[in-house]
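Just so you know, all these numbers are worked out from the coordinates, no wet-lab data involved. Being a predicted model, the structure only gives us computed values, none of them experimental. Heads up, the Cβs are rebuilt from the backbone with ideal geometry, glycines too, and the neighbour counts pull from every protein chain shown.
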Amino acid sequence: MSVEILEFRERNDGGVLKGHLKVRLSKIGLEIYGVALFDKGAGRWVGLPRKDYIKKDGTKGWNDILKFTDFDVFKKFQAEVLEALDEYMKKTPEETEDSDVPF
């Protein structure tokens, strides 16, 4: 699996959710938008995109949009995403900003 981070939108509200990623899997020609990055004391992990909905009782629920059917493949994906994110974050801010923003 060859993973590249296209964008990281950081979230700074002090919660476990740290932001969302745009990820490219170049070997299979797939881009995944909305990969969640979590960080809580013991470590970091990613979650695939999900869609929220309101349950009959008025509470919020979540439906998976994508799912790995093999947990070992998901763990490999997660490890490669985190490694690619570390490389992405080493770039200078100018290299990671959106190039189509005029200011």
Which residue, Val35, Val46, Val16, tops the fluctuation ranking in a GNM of the chain built on C-alpha contacts under 10 Å?
Val16
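Provide the gained length on full extension for the span Glu7 to Ala42, in nm with one decimal, where the gain is 0.36 nm per separating residue minus the Cα-Cα distance. Don't skip to the end; give the middle numbers.
Working: separation 35, 0.36 × 35 = 12.60 nm, distance 2.47 nm.
Contour length minus Cα-Cα distance gives 10.1 nm.
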Solvent-free Debye scattering, log10 I(q)/I(0), computed from the Cα coordinates of segment 3-96 at q = 0.10, 0.14, 0.17 Å⁻¹
-0.30, -0.57, -0.82
Springs between alpha-carbon atoms under 10 Å, Gaussian network over the chain: tell me which of Leu17, Leu66, Leu85 tops the mean-square fluctuations.
Leu66
FRET efficiency for Leu30 and Thr59 from the Cβ-Cβ distance with R0 = 41 Å, rounded to 0.05, comes out at 0.80
Quick one: helix 71-90 against the long Cα principal axis of the chain, what's the angle to the nearest 10°, folded into 0 to 90?
40
Among Val16, Gln78, Ile54, pick out the residue whose Cα is farthest towards the positive end of the charge dipole of the chain, where Lys and Arg carry +1 and Asp and Glu carry -1 on C-beta, about the Cα centre.
Ile54
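For each of Leu21, Leu6, count neighbouring Cβ atoms within 10 Å of the residue's Cβ, then give the residues from fewest to most.
Placing the least packed residue first, the sequence is Leu6, Leu21.
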Treat each spin label as a single point 7 Å out from the Cα along the C-beta direction, and report the Asp70 to Glu83 distance in nm.
1.7
Order of Lys67, Lys18 under a 10 Å beta carbon neighbour criterion, fewest first
Lys67, Lys18
Below 8 Å, C-alpha to C-alpha, sequence gap of six or more: please give me the relative contact order for the chain in percent.
21
